[in-house]
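Trainee: Please find one structure pasted underneath; my questions will follow.
The values are calculated or read from the model by the stated rules, or taken from the named source; none is laboratory data. Predicted model only: the values in this text are computed from it and were never measured. Counting neighbours? That spans all protein chains shown, and the Cβs are built from the backbone with ideal geometry, glycine included.
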Amino acid sequence: MVEKIHLRVFGHEMSDQMRAFLGNLSWSFYGGVIAMPITIVVGTLAGRFMGPEQYGNYNLVILISTYVTVFSFLGLDISTIKNVAKAKSSQKKEESFFSSFVFIGSMTVLFSLIGIIFGQKIAQSFGLDKTIILFVVIYTLIVSFKTILDILVRALERFKLQAIGRMIEIAVLSLGFISVLAIYRKLDFGLYMGIILLGAALVAIAYFVNLKGYFKNFSFPTLRRQLSEGKFFMLSSILGTVFISSDRLLIAKYIGVTTLGIYSAYYAASLGLVTGLSLILTNVLLPATAKTDDKSFIYKIDTLCIKCFAPIYLLICAAIFIFLTLFGKAYPLQLSYVLLFALVATLYFFQMVYSIVILDAGRKRYIQYFLISNIINFATIAYYFILMQYISKSINLILVGFSVNIILALIVQIIITRKMIKQAHNKMLSFGDSMIDHE
């Protein structure tokens, strides 16, 4: 059936490489197609029972933890996946993974100790409850350990194991959510966070049991090389995190945590949905692109973007209507929010796919992309700030700025990917000519 769909969409039969890619994608799809709807439904109901303020606190913990994680990983998540995927021997794979694991684990523990020791001062400086900082520390420790192991799972293309891990996480989330409501008759962000962390911990244990053979062969030269490559990914991740969280942080500052909770509900129903959808694809795409020199597959991504834009947009509109209804009356349903969030989410889906491809564009082109995209991002943040401070505290205008930002980023990505295809084609021609000369 998939081969027939491929022939109809792209006009030719699939290659062996594409067949292997779709085989891996199927496991990613099985895990995602079951996990994602349940995660969104439970998250939506959790937001309804918690209320906007508690839901805002929950999102604040995740936002702060994201910043901590970026500085703990220093870009090693991407560089490790690429290097493990490209490694030809088991020893090289072990060196690449374990060297990164030791570094990331040490950094995570260090930041956690800082959070515990100086938690009160940090909370006072930012006007937060100390409980928020405590949950950030716990959340970062557990989720970082799971994320490190997930990096190895992806790099080794063990997508069946990853699908099993997602099933464990979903089972814990569902049963834990029902149990907490049955026992306590209420839900706050602390209880909900506890359920999520239990699921993450069990998945991390399952990964460790299956992959414990890779925890050996530390190599400082390998770590140094991966850190050198990862610094650009780290900077991109830091600045990307600043941008992607800037709208919510400014809303919390200038409008309030309650409005942040409402905004986060729309965000979860739209961008949360497409992030899950894109992860099903990019989860497999990153190790696959790292291993292949032929970049002509990018044309297939272009075709999918054109043919899938309208269906994805309508899907997200419907999803927002459904999930905001589930969130309850405390989260008002507004048509302009629905249409604009759906547009942002659809554009963001394609931006995430192209971003994975560009990770293997080479140092020079990646730096070009990094500089241009971050100029666009900082201009957008400046727009947010001026809008909130001096013009209007309008969610609609924030979303318009967000949409323009992604459109500009997509234009840059398409230009870069065209150069990647041309470079790969020229490289293959040069290789062919050298082989002929040799013969």
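Trainee: May I ask you to say which residue of Leu408, Leu397 is of a type in the set (A, V, I, L, M, F, W, C), more than 24 Å from the chain's Cα centre (by Cα), modelled with pLDDT of 85 or more and under 18 Å from Ala345 (Cβ atoms)?
Mentor: Leu397
Trainee: For a quick check of your reading of the model, give me the residue pairs whose first member lies in region 64-83 and is touching a residue at least 40 places away in the same chain (Cβ under 8 Å) and closer than 22 Å to Arg248 by Cβ, whose second is buried (at least 23 other Cβ atoms within 10 Å of the Cβ) and of a type in the set (A, V, I, L, M, F, W, C), with beta-carbon atoms closer than 7 Å and at least 6 apart or on different chains.
Mentor: Ile64/Val136; Ser65/Val136; Val68/Val136
Trainee: So which pairs qualify, if the first residue must be in region 184-198 and within 12 Å of Asn59 (Cα to Cα), the second must be of a type in the set (Ser, Thr, Tyr), the Cβ gap must be under 6 Å, and the two must be at least 6 apart or on different chains?
Mentor: Listed by first residue and then by second, the contacts come to Phe189/Tyr58.
Trainee: Only one of (1) at pLDDT 80 or above; (2) over 30 Å from Gly43 (Cα atoms); (3) surrounded by 21 or more Cβ atoms within 10 Å (Cβ to Cβ) is not met by Tyr266, so which one is it?
Mentor: All conditions pass for Tyr266, except number (2).
Trainee: To continue, here is another question. Consider region 169-179. How many of its residues are crowded, with 18+ Cβ neighbours inside 10 Å and either hydrophobic (A, V, I, L, M, F, W, C) or at pLDDT 90 or above (or both)?
Mentor: Total meeting the criteria: 5.
Trainee: Please state which of the following conditions Leu202 fails to meet, knowing it meets all the rest: (1) over 20 Å from the mean Cα position of the chain (by Cα); (2) modelled with pLDDT under 85; (3) of a type outside the set (Lys, Arg); (4) within 30 Å of Gly56 (Cα to Cα).
Mentor: Only one criterion is unmet by Leu202, namely (2).
Trainee: Continuing with this model, one more query. May I ask you to list the residues in region 209-232 that are part of a helix (DSSP H, G or I) and closer than 17 Å to Met107 by Cα?
Mentor: Phe220, Leu223, Arg224, Gln226, Leu227, Ser228, Gly230, Lys231
Trainee: Let me ask something else about it. Criterion first (out of contact with any His (no Cβ under 8 Å at 6 or more places or on another chain) and in contact (Cβ under 8 Å) with a residue 40 or more places away in the chain) does Arg224 satisfy it?
Mentor: no
Trainee: Going by the conditions given, is Phe309 within 22 Å of the chain's Cα centre (by Cα) and surrounded by fewer than 19 Cβ atoms within 10 Å (Cβ to Cβ)?
Mentor: Taking the combined requirement at face value, the residue satisfies it.
Trainee: Pairs under 6 Å by beta carbon, first residue in contact (Cβ under 8 Å) with a residue 24 or more places away in the chain and over 16 Å from Ser355 (Cβ atoms) in region 229-248, partner among the polar types (S, T, N, Q) and surrounded by fewer than 17 Cβ atoms within 10 Å (Cβ to Cβ), six or more apart or different chains?
Mentor: none
Trainee: Of these, Thr108, Thr80, which one is under 23 Å from Ile238 (Cα atoms), of a type outside the set (Asp, Glu) and at pLDDT 90 or above?
Mentor: Unique residue meeting the criteria: Thr108.
Trainee: Oh, and also: Can we say Lys329 is crowded, with 19+ Cβ neighbours inside 10 Å, more than 21 Å from the chain's Cα centre (by Cα), at pLDDT below 85 and not in a helix (DSSP H, G or I)?
Mentor: Considered against the rule, which asks whether it is crowded, with 19+ Cβ neighbours inside 10 Å, more than 21 Å from the chain's Cα centre (by Cα), at pLDDT below 85 and not in a helix (DSSP H, G or I), Lys329 comes out as no.
Let's see how each residue does on (1) modelled with pLDDT of 80 or more; (2) buried (at least 16 other Cβ atoms within 10 Å of the Cβ); (3) closer than 24 Å to Gln389 by Cβ:
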{"residue": "Phe215", "(1), (2), (3)": "yes, no, no"}
{"residue": "Thr222", "(1), (2), (3)": "yes, yes, no"}
{"residue": "Phe232", "(1), (2), (3)": "no, yes, no"}
{"residue": "Phe243", "(1), (2), (3)": "yes, yes, yes"}
{"residue": "Arg248", "(1), (2), (3)": "yes, yes, yes"}
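Trainee: For region 180-192, what are the residues that are buried (at least 18 other Cβ atoms within 10 Å of the Cβ), assigned to a helix (DSSP H, G or I) and not hydroxyl-bearing (Ser, Thr, Tyr)?
Mentor: Across region 180-192, the qualifying residues are Val180, Phe189, Leu191.
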